Structures are given as structure tokens and as C-alpha cells.
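The values are calculated or read from the model by the stated rules, or taken from the named source; none is laboratory data. From a predicted model like this one, the values you see are computed outputs, not experimental measurements. A quick note on method: Cβ atoms are made from the backbone with ideal geometry, for glycine too, and the neighbour counts reach across all protein chains shown. The accessibility values were calculated without ligands, DNA or RNA, using every heavy atom of the protein model including side chains. Shrake-Rupley method; radii C 1.70, N 1.55, O 1.52, S 1.80 Å.
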Amino acid sequence: VSEPDSRPDEAIDAAFGDRADVAEQYHAWLAEHATVRGLIGPREVPRLWDRHILNCAALADVIPEGAVVADIGSGAGLPGIPLAIARPDVSVILVEPLLRRTTFLDEVVADLGLSNVTVLRGRAEEKAVRKEVGLVDVVTSRAVAPLGKLAGWSLPLVKTGGHMIAMKGSSVGEELERDAAEITAAGGGEAEILTVGEAHLSAPTTL
């Protein structure tokens, strides 16, 4: 079993403020339950803070105040749950097709008392899901699919003038070029590559 990672106090306080204890609870859920239930690889446990929780919380820097955000393919709640903890003003819908994952998400949301989070089982491209989610300010995702495919799933949920914010690796520029036609066909506008979390993360988050 991997050693648990040391708690990066300063970064946690900067990301979550007076909700740092809620972030701690979520860390415990990931370390103790998500690994046992096959949602997070055991090797990720030492890197949960830096690579997963804080990495996702950095998204809070670019989300408009009071926004409604859909997190598609949420898995164990990344990035939606860290965002919801860091930004209680934001409403987050976690969209996830697999029952064992939505069961986990329901349990976590209830335990953490996240009144600004809704769990929805289904795929973003399904008519029933599109109807239930409606049009939102921001659709986000992390490591779900190539950008072109992701645009086809995400952009129909984004209202005019809203944003699709995908957490991606450093090769996102190549993806944008390769998938430009698909992104435009799905209704995408001007793309912008941003990095967030530079002040507190060893590897900043690319959006």
C-alpha cells in the first residue's frame, strides 16, 4: 500500500479557505473508498492532493460567479466535487453513466453536505440527459475523450455565450488543430488555452 501524501497545507488553504475540512473529507473518500471500489488506482493515493484534488480545484479560477456547471464523465467526482467545495456559489451537475460511480458520488455528496451538487446518471449525448441538464453556463470534463468527440458531447449542453472547459494535457494545442472542424461543427467558437494553479501546484492545470 502506498504511503499517503503529506498534506500541502498552504495550497489546500489557498484553494478551499474555510472549507478545507470538507476537502479533507473528500480526500479520505478517495483514499479509503474510491481505491477499494476501483474508481481510483491505488498508485494514485500518494498523489491525490496535487494531481487530483488541487489540480481540479484550480478550475475555480475561471468559473463565473453563480454559474451552473455540468461535469461530464465525472467518475469519482473530478473535477466537479473539488470545484463545488471551492466555490459554494456554483451549482454543479455530475453526469456519469456507470451505476457504481453514481452510487459512490451520491454517498460522497450526502456525506460532505454538498447542497450545490446534483448527481445524474447517464451520458451527455443522451436525449434524456440533455433534457434534464438543459443549457448551462459551463460544461467541464477531465480526461474523458479527444477534444473533437468531447465537443460533440459537451457543446449541445452549453448555452450561447457559455463555455466548454476541458482539463487537458500539454498536447491540447495539437488536439485543437486536429479537431478544429469537429469543434466548429458542434457549435464551438474561439478556443483559448489557459494554465491555472501555477502558484500552488507543482504541475499547473491546462485548460
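Of the numbered conditions (1) closer than 28 Å to E65 by Cβ; (2) in contact with a helix residue (DSSP H, G or I) (Cβ under 6 Å, 6 or more places away or on another chain), T160 fails exactly one; give the number of that condition. Among (1) closer than 28 Å to E65 by Cβ; (2) in contact with a helix residue (DSSP H, G or I) (Cβ under 6 Å, 6 or more places away or on another chain), the lone unmet condition for T160 is (2). Just one of the listed residues (I40, I63) is farther than 25 Å from V136 by Cα and touching a residue at least 24 places away in the same chain (Cβ under 8 Å), namely I40.
Among the numbered conditions (1) touching a residue at least 40 places away in the same chain (Cβ under 8 Å); (2) surrounded by 18 or more Cβ atoms within 10 Å (Cβ to Cβ), the only one that V92 does not meet is (1). The listed residues are R101, R142, R130, and the only one of them that is open to solvent by 50 Å² or more (accessible area, probe 1.4 Å), within 16 Å of the chain's Cα centre (by Cα) and at pLDDT 95 or above turns out to be R101. Between V136, V144, V117, the distinction of being aliphatic (A, V, I, L, M) and over 25 Å from T35 (Cβ atoms) belongs to V136 only. From L39, L30, grab the single residue that is over 18 Å from L194 (Cα atoms), part of a helix (DSSP H, G or I) and more than 13 Å from the chain's Cα centre (by Cα). Within the list L39, L30, the selection yields L30. Scanning segment 189-198 for residues being closer than 12 Å to A11 by Cβ and open to solvent by 90 Å² or more (accessible area, probe 1.4 Å) gives a total of 1.
Put simply, of V108, V119 the only residue that is buried (at least 18 other Cβ atoms within 10 Å of the Cβ), in contact with a helix residue (DSSP H, G or I) (Cβ under 7 Å, 6 or more places away or on another chain) and outside any helix (DSSP H, G or I) is V119.
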